[in-house]
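Single-structure report; data block below.
The values are calculated or read from the model by the stated rules, or taken from the named source; none is laboratory data. Since the structure is predicted, the reported quantities are computational estimates derived from the model, not experimental observations. Here the Cβ is made from the backbone with ideal geometry for all residues, glycine too, and neighbour counts use every protein chain on show. The area values use the complete protein model at the heavy-atom level, side chains included, leaving out ligands, DNA and RNA. Shrake-Rupley method; radii C 1.70, N 1.55, O 1.52, S 1.80 Å.
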Amino acid sequence: MSSYVYGYARVSTRQQELARQLDLLKNYNCNEILTEKMTGTKANRPELNRLKDKLRPGDTVVVESFSRLGRSTKDLIDLVNYFEEHDVKLISLKENFDTSTPQGRLMMTVFQAFSQFERDLIVERTKEGLKSARARGRQGGRPKVNSREITKAINLYHTEQYSVKEIVNMTGISRATLYRYLQK
(Lines give C-alpha, C1' and ligand atoms only; values in the text may rest on other atoms or scores of the structure.)
Protein backbone atom coordinates (compact mmCIF):
# COMPACT_ATOMS: atom_id res chain seq x y z
CA MET A 1 0.00 0.00 0.00
CA SER A 2 1.44 3.37 -0.96
CA SER A 3 1.57 6.34 1.37
CA TYR A 4 -0.82 9.22 0.96
CA VAL A 5 -0.06 12.94 1.14
CA TYR A 6 -2.66 15.08 2.89
CA GLY A 7 -2.70 18.84 2.91
CA TYR A 8 -4.34 20.78 5.71
CA ALA A 9 -5.25 24.45 5.38
CA ARG A 10 -7.04 26.65 7.89
CA VAL A 11 -8.04 30.29 8.10
CA SER A 12 -9.38 31.92 11.25
CA THR A 13 -12.48 33.62 9.89
CA ARG A 14 -14.99 33.12 7.11
CA GLN A 15 -13.77 36.32 5.45
CA GLN A 16 -10.17 35.15 5.10
CA GLU A 17 -9.16 33.32 1.96
CA LEU A 18 -7.61 29.88 1.72
CA ALA A 19 -6.27 30.49 -1.81
CA ARG A 20 -2.62 31.19 -0.88
CA GLN A 21 -2.39 28.08 1.30
CA LEU A 22 -4.21 25.95 -1.27
CA ASP A 23 -1.82 27.08 -4.04
CA LEU A 24 1.20 26.04 -1.94
CA LEU A 25 -0.37 22.69 -1.04
CA LYS A 26 -1.38 21.97 -4.67
CA ASN A 27 2.21 22.68 -5.75
CA TYR A 28 3.28 20.03 -3.25
CA ASN A 29 1.08 17.49 -5.10
CA CYS A 30 -1.11 16.52 -2.15
CA ASN A 31 -3.47 13.62 -2.84
CA GLU A 32 -6.15 15.29 -0.76
CA ILE A 33 -6.46 18.70 0.90
CA LEU A 34 -8.70 19.29 3.91
CA THR A 35 -9.70 22.88 4.64
CA GLU A 36 -11.18 24.62 7.63
CA LYS A 37 -12.52 28.12 8.21
CA MET A 38 -12.51 28.51 11.97
CA THR A 39 -10.35 29.95 14.67
CA GLY A 40 -7.41 27.85 15.79
CA THR A 41 -8.42 28.43 19.40
CA LYS A 42 -11.33 26.02 18.95
CA ALA A 43 -10.38 22.64 20.37
CA ASN A 44 -12.86 20.82 18.16
CA ARG A 45 -11.81 21.30 14.57
CA PRO A 46 -13.86 18.81 12.54
CA GLU A 47 -11.60 18.69 9.47
CA LEU A 48 -8.46 18.20 11.56
CA ASN A 49 -10.24 15.39 13.43
CA ARG A 50 -11.28 13.91 10.07
CA LEU A 51 -7.67 14.12 8.89
CA LYS A 52 -6.45 12.31 12.01
CA ASP A 53 -9.03 9.55 11.38
CA LYS A 54 -7.83 9.09 7.79
CA LEU A 55 -4.11 8.89 8.56
CA ARG A 56 -2.26 5.60 8.24
CA PRO A 57 1.38 4.80 9.07
CA GLY A 58 3.66 6.14 6.32
CA ASP A 59 1.29 8.97 5.32
CA THR A 60 2.40 12.60 5.15
CA VAL A 61 0.67 15.75 6.39
CA VAL A 62 1.69 19.02 4.74
CA VAL A 63 0.79 22.44 6.16
CA GLU A 64 1.68 25.93 4.96
CA SER A 65 2.92 26.80 8.46
CA PHE A 66 2.71 25.55 12.02
CA SER A 67 0.36 28.42 12.86
CA ARG A 68 -2.26 26.76 10.63
CA LEU A 69 -2.01 23.50 12.56
CA GLY A 70 -1.81 24.24 16.29
CA ARG A 71 -3.79 26.63 18.49
CA SER A 72 -0.90 27.00 20.95
CA THR A 73 2.63 25.73 21.40
CA LYS A 74 1.31 22.93 23.63
CA ASP A 75 -1.37 22.00 21.07
CA LEU A 76 1.21 22.01 18.29
CA ILE A 77 3.58 19.81 20.30
CA ASP A 78 0.71 17.41 21.06
CA LEU A 79 -0.18 17.20 17.35
CA VAL A 80 3.44 16.71 16.30
CA ASN A 81 3.74 13.94 18.93
CA TYR A 82 0.48 12.40 17.68
CA PHE A 83 1.85 12.26 14.13
CA GLU A 84 5.15 10.84 15.36
CA GLU A 85 3.40 8.12 17.41
CA HIS A 86 1.31 7.14 14.38
CA ASP A 87 4.33 7.05 12.03
CA VAL A 88 3.01 10.01 10.03
CA LYS A 89 5.48 12.41 8.44
CA LEU A 90 4.81 16.14 9.02
CA ILE A 91 6.00 18.86 6.68
CA SER A 92 5.60 22.59 7.30
CA LEU A 93 6.49 24.56 4.18
CA LYS A 94 7.07 27.96 5.81
CA GLU A 95 9.32 26.64 8.58
CA ASN A 96 11.01 24.17 6.21
CA PHE A 97 10.30 21.41 8.74
CA ASP A 98 10.20 17.75 7.75
CA THR A 99 10.10 15.02 10.39
CA SER A 100 11.73 12.54 8.03
CA THR A 101 15.02 14.52 7.94
CA PRO A 102 17.72 14.55 10.64
CA GLN A 103 16.96 18.24 11.33
CA GLY A 104 13.23 17.49 11.61
CA ARG A 105 13.87 14.61 14.02
CA LEU A 106 16.11 16.91 16.09
CA MET A 107 13.28 19.45 16.26
CA MET A 108 10.89 16.63 17.26
CA THR A 109 13.23 15.76 20.13
CA VAL A 110 13.30 19.42 21.20
CA PHE A 111 9.47 19.61 20.99
CA GLN A 112 9.14 16.46 23.10
CA ALA A 113 11.67 17.77 25.63
CA PHE A 114 9.68 21.01 26.01
CA SER A 115 6.47 19.02 26.35
CA GLN A 116 7.99 16.87 29.12
CA PHE A 117 9.45 19.98 30.77
CA GLU A 118 5.99 21.58 30.81
CA ARG A 119 4.43 18.44 32.35
CA ASP A 120 7.19 18.35 35.00
CA LEU A 121 6.58 22.03 35.85
CA ILE A 122 2.87 21.39 36.30
CA VAL A 123 3.58 18.47 38.67
CA GLU A 124 6.10 20.58 40.60
CA ARG A 125 3.67 23.51 40.94
CA THR A 126 0.90 21.16 42.07
CA LYS A 127 3.13 19.65 44.77
CA GLU A 128 4.19 23.14 45.92
CA GLY A 129 0.55 24.24 46.06
CA LEU A 130 -0.44 21.21 48.17
CA LYS A 131 2.52 21.75 50.52
CA SER A 132 1.58 25.43 50.91
CA ALA A 133 -2.07 24.57 51.61
CA ARG A 134 -1.05 21.97 54.24
CA ALA A 135 1.20 24.56 55.91
CA ARG A 136 -1.90 26.75 56.26
CA GLY A 137 -3.85 23.86 57.81
CA ARG A 138 -5.74 22.63 54.75
CA GLN A 139 -5.54 18.88 54.30
CA GLY A 140 -7.38 18.32 51.05
CA GLY A 141 -8.74 14.98 49.94
CA ARG A 142 -12.21 13.59 50.42
CA PRO A 143 -13.98 14.91 53.54
CA LYS A 144 -14.51 12.39 56.32
CA VAL A 145 -18.00 10.93 56.58
CA ASN A 146 -19.79 10.77 59.92
CA SER A 147 -19.62 7.09 60.90
CA ARG A 148 -22.95 7.29 62.78
CA GLU A 149 -24.67 8.54 59.62
CA ILE A 150 -23.08 5.74 57.58
CA THR A 151 -24.24 3.10 60.07
CA LYS A 152 -27.74 4.64 60.09
CA ALA A 153 -27.82 4.71 56.26
CA ILE A 154 -26.69 1.09 55.95
CA ASN A 155 -29.28 -0.03 58.55
CA LEU A 156 -32.02 1.91 56.74
CA TYR A 157 -30.95 0.35 53.44
CA HIS A 158 -31.14 -3.19 54.87
CA THR A 159 -34.68 -2.62 56.20
CA GLU A 160 -35.73 -2.41 52.53
CA GLN A 161 -38.40 0.12 53.53
CA TYR A 162 -36.76 3.22 52.03
CA SER A 163 -35.47 4.17 48.61
CA VAL A 164 -31.83 5.20 48.25
CA LYS A 165 -33.04 8.74 47.55
CA GLU A 166 -34.97 8.78 50.85
CA ILE A 167 -31.96 7.42 52.76
CA VAL A 168 -29.71 10.09 51.22
CA ASN A 169 -32.21 12.79 52.27
CA MET A 170 -32.52 11.42 55.82
CA THR A 171 -28.79 10.95 56.50
CA GLY A 172 -27.16 13.65 54.40
CA ILE A 173 -24.62 11.28 52.86
CA SER A 174 -24.31 10.95 49.11
CA ARG A 175 -25.63 8.10 47.01
CA ALA A 176 -22.06 7.25 45.91
CA THR A 177 -20.85 7.13 49.52
CA LEU A 178 -23.72 4.83 50.51
CA TYR A 179 -23.00 2.44 47.67
CA ARG A 180 -19.25 2.53 48.40
CA TYR A 181 -19.85 1.50 52.04
CA LEU A 182 -22.40 -1.14 51.01
CA GLN A 183 -19.74 -2.81 48.83
CA LYS A 184 -17.31 -3.11 51.77
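A simple rule links phi to the HN-Hα coupling: the Karplus curve 6.51 cos²θ - 1.76 cosθ + 1.60 with θ = phi - 60°, which for the range 174-183 gives 7, 4, 4, 5, 4, 4, 4, 6, 5, 6 Hz, with x for Gly and Pro. Overall form of the range 55-141: prolate. Here a/c, set by the Cα gyration tensor axes a ≥ b ≥ c, is 1.5 or more, and a/b is the larger of a/b and b/c. All other residues whose Cβ lies under 14 angstrom from that of residue 159 are scored, Lys and Arg at +1 and Asp and Glu at -1, for a net of -1. Projecting the Cα atoms of 117, 132, 171 onto the charge dipole of the range 71-174 (Cβ charges, centred on the Cα centre) puts 171 farthest toward the positive pole. Only the Cβ atoms of Lys and Arg (+1) and of Asp and Glu (-1) were treated as charged; on that basis the dipole of the range 24-183 about its Cα centre amounts to roughly 920 debye. Based on protein heavy atoms only, the chain ends up with 66 Å² per residue of surface accessible to a 1.4 Å probe. For the range 20-100, the alpha carbon convex hull comes to 93 Å³ per residue, rounded to a whole number. For the chain, the residue among 62, 81, 162 whose Cα projects farthest onto the positive side of the dipole built from Cβ charges is 162.
Per the Debye calculation on the range 1-146 with a single equal scatterer at every Cα and no solvent contribution, log₁₀ I(q)/I(0) for q = 0.09, 0.13, 0.17 Å⁻¹ amounts to -0.39, -0.65, -0.94. If you take the alpha carbon atoms of the range 113-181 and fit the smallest convex hull around them, that volume is 119 Å³ per residue.
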